[in-house]
Amino acid sequence: MNAARNNSPTTPPPPEEPQQPEPAASTGPSQNAQATTAQATAAATAAVSAVRERLMAGEQFILGAAGGIVIIYLIWQFLLDFFIMTEVAVVLAVLTVLAIWVHRWGHYDFGRGYRILIGALGVALALFALMNLLTWARAAGGGDFLGLIGRLLFWAAGVAAFVGGWQVFRTREN
């Protein structure tokens, strides 16, 4: 049996790959920043693709609008101390985000009432933005330019919330 083994053709070992020197343990700040930026970009891309995969267009509109309202509140009212909107609108925006998250990520199923709930939340956010616009017009506008930019963004978010809420409300379930 040893003779059979010795006569059989043997395969040569695979060629060895040239070893490259290992990177130095201490990398420069720019390399660390690039790695961190690449990781953050990959995480953001994964999050956006997960949202697009689970949500329909109307839900994406209203989610973006509600998130925008919260961000506008944090920047203009909390950091810059401009009175742009009431806290009730912000609480409603947070509840909208939570309702979408709870339903679409499977924590609780609102059933057939989900589209009515999200539609009503979107219309309510739009009404808060409209009331804000009418109050601003009644007071003859004015104010600081930065405050006007915040109000314009709030009104645009209100329109987007209405569009998203209406799209969700108009969808028919199978």
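Results, tabulated for the structure shown:
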read-out	value
Criterion violated by Gly142 - all others in (1) without any contact (Cβ under 8 Å) to a residue 60 or more places away in the chain; (2) surrounded by 14 or more Cβ atoms within 10 Å (Cβ to Cβ) satisfied	(2)
Top-ranked residue in segment 117-139 [being of a type in the set (Val, Ile, Thr) and surrounded by 13 or more Cβ atoms within 10 Å (Cβ to Cβ); ranked as farthest from Phe162 (Cα to Cα)]	Ile118
Segment 68-117, residues that are assigned to a loop (DSSP other than H, G, I, E, B), hydroxyl-bearing (Ser, Thr, Tyr) and within 22 Å of Leu55 (Cα to Cα)	Tyr108
Filter pass, Phe82 being aromatic (Phe, Trp, Tyr) and touching a residue at least 12 places away in the same chain (Cβ under 8 Å)	yes
Test: residue in segment 105-126 that is on the phi > 0 side of the Ramachandran plot and without any contact (Cβ under 8 Å) to a residue 24 or more places away in the chain	yes
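The rows are residues; the columns are (1) at pLDDT below 90; (2) among the aliphatic types (A, V, I, L, M); (3) surrounded by 18 or more Cβ atoms within 10 Å (Cβ to Cβ); (4) within 12 Å of the chain's Cα centre (by Cα).
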{"residue": "Pro29", "(1), (2), (3), (4)": "yes, no, no, no"}
{"residue": "Ala57", "(1), (2), (3), (4)": "yes, yes, no, no"}
{"residue": "Ile71", "(1), (2), (3), (4)": "no, yes, no, yes"}
{"residue": "Val94", "(1), (2), (3), (4)": "no, yes, no, no"}
{"residue": "Phe110", "(1), (2), (3), (4)": "yes, no, no, no"}
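The values are calculated or read from the model by the stated rules, or taken from the named source; none is laboratory data. Since we're looking at a predicted model, the values are computed, not measured. Don't worry about glycine lacking a Cβ; one is built from the backbone with ideal geometry, like all the others, and counts go over all protein chains shown.
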